[in-house]
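Participant: Here it is, the structure in full.
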Protein chains: 2
Amino acid sequence: MNKKEQIIKVASKYFSEVGYDKAVLEDVAKEVGVSKAAIYYHFKDKFALYEAVLCSRFKDLAQTICDIDAANPEQALREYVEKFGGFLLEKPCFSAIFARELADGAINMPQSCTKQMSQILKKLSAILQEGEAQGVFEKENPFMVQLMIVSTLVNYRTTRKLRITVMKNLKEVKNIDAGLKDIIPNLANKIIKALKC
Amino acid sequence: MNKKEQIIKVASKYFSEVGYDKAVLEDVAKEVGVSKAAIYYHFKDKFALYEAVLCSRFKDLAQTICDIDAANPEQALREYVEKFGGFLLEKPCFSAIFARELADGAINMPQSCTKQMSQILKKLSAILQEGEAQGVFEKENPFMVQLMIVSTLVNYRTTRKLRITVMKNLKEVKNIDAGLKDIIPNLANKIIKALKC
DNA sequence: CTAAACTTACTGACGAGTAAGTAAGAAAAG
DNA sequence: CTTTTCTTACTTACTCGTCAGTAAGTTTAG
């Protein structure tokens, strides 16, 4: 791994943990073992570094999603959820970054990333339409379905500590929580069930 | 409305629009028509102002949710989604604030607010358990159900512009999107269907 | 009159970004 | 071949804008 990639990786961690505004390039630099100015050697500015983080992740995610090729719409939708969830498991920093982008309305998201998001939604929309055409799924707003999947997954990741806090306050929900990995198949089942005719 | 409440209201708008870090007290002060120091007269610091915004909203939301009293679990769950969504419609600034808190894992959320969140989840958990006991609903992780409802609703609100951008990129999803108000009953139906035995 | 509710004019910490420089290696010139 | 020049990949030591917070004072309301 070259230095530029090291910078991207460490920055990705900071953007994830503390968000864009609180992520400080001096901290990133120290952890990589370079000076802050070295980061400016490789990236025009802080935002360019953030873009580098975002774009590589969205590119990989879109590729993962567009590679879905299932025998039927139900299986395709299951794979959609599983592939999405699997990606979040594989890239631990991405959930929080994604969740913050959703929460902020993605107003500063580079166009290449919104393009990838469009491709991702296109895939989901195609699955839903095929399901509808085959009489397997009811017609449904793909944006709402997308958010039921995506925001649930990413926020499930980001709210881990919050859930523990909430559980401490309540007796009724003890030992009910699970990790992200465990809810992926569950969520897939629920989304499919919600959509089935 | 007294000055303190005006400050809370305007601050709520800024916290919603640009997030905590980017919300600048000088801007809040100008819009209220006071000096920044006057804000410090009423609130200890910026975070205390944020807490005031958060706590009043969560208190009202928890009250709204805990007042749900339906004849059966299915109706109760429907009301849960409708009341939650209705609250977000009534308090336009709250969705983005809530979404950012979820995305950040609510690590700085005051205890009184996490307490209210616990009460809200307690209500949902009770509805789900009653539904399970009556053989109406399958057993399900209440955190996941909560996020399917809450994160979908709040992020539906925050991603309005993003959805327009995404729609511009795609031909297949034209004229499919809807406002938050329109998806509330739809989401309720889908959640209920997903959970029904 | 007093206390509450403000004001102006700051201070100082923080962090993004930069100017000027250096070291090492590669390429070009003689 | 050796020396000069150029390039890449950094470095230190800043600058400067921003904004949270504050001191000292003034104004307003009761």
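The values are calculated or read from the model by the stated rules, or taken from the named source; none is laboratory data. Fair warning: this is a prediction, and the values are worked out from it, not measured in the lab. Cβ coordinates were reconstructed from backbone atoms using ideal geometry, including for glycine residues, and neighbour counts include every protein chain displayed. Only protein heavy atoms, including side chains, enter the accessible area calculation; ligands, DNA and RNA are left aside. Shrake-Rupley method; radii C 1.70, N 1.55, O 1.52, S 1.80 Å.
Participant: Where residues in the range B:148-161 are more than 12 Å from B:Phe84 (Cβ to Cβ) and open to solvent by less than 10 Å² (accessible area, probe 1.4 Å), which of them is nearest to the chain's Cα centre (by Cα)?
Facilitator: Of all residues in the range B:148-161, those more than 12 Å from B:Phe84 (Cβ to Cβ) come to B:155, B:158-161.
Filter once more, so that each one left must be open to solvent by less than 10 Å² (accessible area, probe 1.4 Å): B:155, B:159.
Numbers: B:Asn155: 9, B:Thr159: 14 Å.
Going through the qualifying residues, I end up with B:Asn155.
Participant: Could you please find all residues in the range B:103-140 being touching a Pro at 6+ places or on another chain (Cβ under 7 Å), more than 16 Å from B:Gln63 (Cβ to Cβ) and open to solvent by less than 60 Å² (accessible area, probe 1.4 Å)? Walk me through how you get there before you give the answer.
Facilitator: In the first step, residues of the range B:103-140 are kept if they are touching a Pro at 6+ places or on another chain (Cβ under 7 Å); the result is B:121, B:124-125, B:127-128, B:130-131, B:134, B:136-137.
This time we only want the ones that are more than 16 Å from B:Gln63 (Cβ to Cβ), so: B:125, B:127-128, B:130-131, B:134, B:136-137.
Answer for the range B:103-140, where residues must be touching a Pro at 6+ places or on another chain (Cβ under 7 Å), more than 16 Å from B:Gln63 (Cβ to Cβ) and open to solvent by less than 60 Å² (accessible area, probe 1.4 Å): B:Ser125, B:Ile127, B:Leu128, B:Gly131, B:Val136, B:Phe137.
Let's see how each residue does on (1) touching a residue at least 24 places away in the same chain (Cβ under 8 Å); (2) closer than 18 Å to B:Ile97 by Cβ; (3) among the aliphatic types (A, V, I, L, M); (4) within 11 Å of DNA strand C (Cβ to nearest atom):
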{"site": "B:Ser16", "(1), (2), (3), (4)": "yes, yes, no, no"}
{"site": "B:Tyr40", "(1), (2), (3), (4)": "no, no, no, yes"}
{"site": "B:Tyr50", "(1), (2), (3), (4)": "yes, yes, no, no"}
{"site": "B:Val53", "(1), (2), (3), (4)": "yes, yes, yes, no"}
{"site": "B:Arg57", "(1), (2), (3), (4)": "yes, yes, no, no"}
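Participant: Condition check: surrounded by 18 or more Cβ atoms within 10 Å (Cβ to Cβ), away from chain A (no Cβ under 14 Å), acidic (Asp, Glu) and closer than 19 Å to B:Ile184 by Cβ. Does B:Glu90 satisfy that?
Facilitator: Values: surrounded by 18 or more Cβ atoms within 10 Å (Cβ to Cβ): no; away from chain A (no Cβ under 14 Å): yes; acidic (Asp, Glu): yes; closer than 19 Å to B:Ile184 by Cβ: yes.
Judged against the criteria, B:Glu90 is not a match.
Participant: If you don't mind, another one. All but one of (1) assigned to a helix (DSSP H, G or I); (2) surrounded by 15 or more Cβ atoms within 10 Å (Cβ to Cβ); (3) within 17 Å of the chain's Cα centre (by Cα) hold for A:Gln63; which doesn't?
Facilitator: Just one mismatch for A:Gln63, condition (2).
Participant: Another one. Scan the range A:7-29 for residues that are within 15 Å of DNA strand D (Cβ to nearest atom) and either hydroxyl-bearing (Ser, Thr, Tyr) or open to solvent by 60 Å² or more (accessible area, probe 1.4 Å) (or both) and jot them down.
Facilitator: The answer is A:Lys9, A:Tyr20, A:Asp21, A:Lys22, A:Val24, A:Glu26, A:Asp27.
Participant: Run B:Val34 past the list (1) modelled with pLDDT of 95 or more; (2) over 20 Å from the mean Cα position of the chain (by Cα) and report the number of the one that doesn't hold.
Facilitator: (1)
Participant: Within the range A:152-197, track down each residue that is at pLDDT 90 or above, more than 20 Å from B:Ala99 (Cα to Cα) and part of a loop (DSSP other than H, G, I, E, B).
Facilitator: A:Gly179
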